[in-house]
Amino acid sequence: MSAQPDLHCDESLAAFRRETREWLELNCPPEMRQPVLDESDVCWGGRNAQFRNEAQRVWLERMAQRGWTVPQWPRAYGGGGLSKEQAQVLHEEMAQLKCRSPLMSFGISMLGPALLKYGTEAQKLEHIPKIARGEIRWCQGYSEPGAGSDLASLKTRADDHGDHFLVNGSKIWTSYGDKADWIFCLVRTDFSARKQEGISFVLFDMATAGVSTQPIRLISGYSPFTQTFFDNVRVPKENLIGELNKGWTIAKYLLTHERNMIGGMGTQRVTPLSQLAVKSIGLAAGRLADTGLRADIARFEMDAMAFAMTMERVQAEAQAGNETGALSSMLKYYGTELNKRRAELTMSIAGSDGLKFGDDEGSAGLAATWLRTRGNSIEGGTSEIQLNIIARQVLGLPA
Ligand SMILES: Cc1cc2nc3c(=O)[nH]c(=O)nc-3n(C[C@H](O)[C@H](O)[C@H](O)COP(=O)(O)OP(=O)(O)OC[C@H]3O[C@@H](n4cnc5c(N)ncnc54)[C@H](O)[C@@H]3O)c2cc1C
């Protein structure tokens, strides 16, 4: 006997779609329906949140009130409590109306999922609602001067002092370390065990005595990173996530979410290249005047569409309860390569205008944006490391 469609469910989902669309139309300010210009146009929240305009502040506030900054997280922790079908509807309606995501946050894309899986009830209640509302901005303390790709060889230490740890050492490439309120940090708590087995996962406030940051200046002139130093930093034991010395499992789980997030940059909503090209180069006989560029853009748009569909498939599997695991490496690898290609094509389209660093409105400019995409295939684990993981864990090739 064939399965009957669940009419009640279809009807309630259709009603949810109508209500959602009405609410978005009414509440999403017009400025928040424009494509994001660059990194400085993104809302990060935090104790010292800086909003580019009032619309950005209002949009975050309204979405957070409904728990729609994190639609599927439980209501008890400030989430929207939506089912996967409802979350998909919200996602589709936001895309249809061109609504921006209200909040960019390492708390949402990295720490939150790890806390939901490994945190105690008290830890969830303490941290997750603040992440959902964008009240606390988090940074990631993983890499160290001698531990990048070989992350498990990290040396920052946390010594047991009864009710607290004393943390000493340093992290590097801490994105926005000087803007973050709290850090999620990997520390070594056992120096005698195999390197992966002596690591713990702790959280602490960046305002704690003994934490300091030093900006790292890049060739582009910007400084989105810090080296971050810990000098006898007192971390209460209740800030240990999961078991002592079992932090590596949490670290890897968090990395799958980070890689999905970075891979997703390959599908982000920006002005289509074809539109940019028509505007900048013009048409000849109804087609883009530059034939070489036309072919490159067509190839790019097809690859981007195929990737967006792959991303949707993996997301649907994740929503159905299947962990993405090593697949996140595939998404990260391909998404970041696409992002680099898009930036290169954007530069080709712009011609000499593409050389500009920054503009009068405070945007980063194409050249700086292009340079930033080079970092996409390094952050969260380099492309070479993703290819190693894909070879071993997806394709099953020998080490
Ligand atoms: C934009 C950006 C943001 C970042 N943000 C953060 C952050 O917020 N927090 C944080 O902790 N870190 C952050 N990082 C650091 C990032 O995680 C590391 O740079 C990355 O893991 C690589 O480590 P590494 O720089 O030490 O390079 P290395 O590990 O020294 O690698 C150097 C080169 O050797 C290659 N290589 C190394 N090992 C292998 C191998 N086994 N097989 C094949 N090739 C190999 C690498 O692919 C690379 O090309 C960020 C980096 C960037 C670029």
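The values are calculated or read from the model by the stated rules, or taken from the named source; none is laboratory data. Computed from a predicted structure; not experimentally measured. Every residue, glycine among them, receives a Cβ derived from its backbone with ideal geometry; neighbour counts consider all protein chains shown.
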Problem set entry | Residue match in segment 79-102 (condition: in contact (Cβ under 8 Å) with a residue 24 or more places away in the chain, touching a strand residue (DSSP E or B) at 6+ places or on another chain (Cβ under 6 Å) and of a type in the set (Gly, Ala, Ser)) | no
For this session: Please indicate, with yes or no, whether at least one residue in segment 139-162 is at pLDDT 95 or above and in contact with a His (Cβ under 8 Å, 6 or more places away or on another chain).
Result: no
Problem set entry | Candidate set: segment 113-129, residues that are away from the ligand (no atom under 16 Å from the Cβ) and of a type in the set (Gly, Ala, Ser); chosen: the one farthest from Ile241 (Cα to Cα) | Ala122
Exercise. Counting just the residues of segment 63-90 that are in contact with a Pro (Cβ under 8 Å, 6 or more places away or on another chain) and not small (Gly, Ala, Ser), which one comes out nearest to Ile128 (Cα to Cα)?
Worked result: Tyr77
For this session: Output yes when any residue across segment 141-159 is in a helix (DSSP H, G or I), surrounded by 24 or more Cβ atoms within 10 Å (Cβ to Cβ), among the hydrophobic types (A, V, I, L, M, F, W, C) and away from the ligand (no atom under 13 Å from the Cβ), and no when none is.
Result: no
Problem set entry | Filter pass, Lys237 being at pLDDT 95 or above and within 17 Å of Thr208 (Cα to Cα) | yes
Exercise. Tell me, which strands (runs of 3 or more DSSP E) lie completely within segment 161-276 with 2 or more residues that are within 30 Å of Ala368 (Cβ to Cβ) and more than 18 Å from the chain's Cα centre (by Cα)?
Worked result: 164-175, 211-216, 225-236
For this session: Could you check how many residues of segment 234-250 are closer than 17 Å to Leu154 by Cα and in contact with a strand residue (DSSP E or B) (Cβ under 7 Å, 6 or more places away or on another chain)?
Result: 5
For this session: Return the total of residues in segment 212-232 being closer than 16 Å to Trp182 by Cβ and within 15 Å of the ligand (Cβ to nearest atom).
Result: 4
Problem set entry | Unmet requirement for Arg372, which otherwise passes all of (1) modelled with pLDDT of 95 or more; (2) within 16 Å of the ligand (Cβ to nearest atom); (3) of a type in the set (Lys, Arg) | (1)
Exercise. Could you list, in sequence order, the residues of segment 96-112 that are within 19 Å of Tyr77 (Cβ to Cβ) and either of a type in the set (Val, Ile, Thr) or assigned to a helix (DSSP H, G or I) (or both)?
Worked result: Phe106, Gly107, Ile108, Ser109, Met110, Leu111, Gly112
Seminar exercise, completed: Considering segment 375-389, residues that are part of a helix (DSSP H, G or I) and under 16 Å from the mean Cα position of the chain (by Cα), and then whichever is nearest to the ligand (Cβ to nearest atom), we arrive at Gly375
Exercise. Quick one: in segment 23-42, which of the residues that are at pLDDT below 95 and assigned to a loop (DSSP other than H, G, I, E, B) is farthest from the chain's Cα centre (by Cα)?
Worked result: Gln34
Problem set entry | Verdict on Arg269 being at pLDDT 95 or above and more than 16 Å from the ligand (Cβ to nearest atom) | no
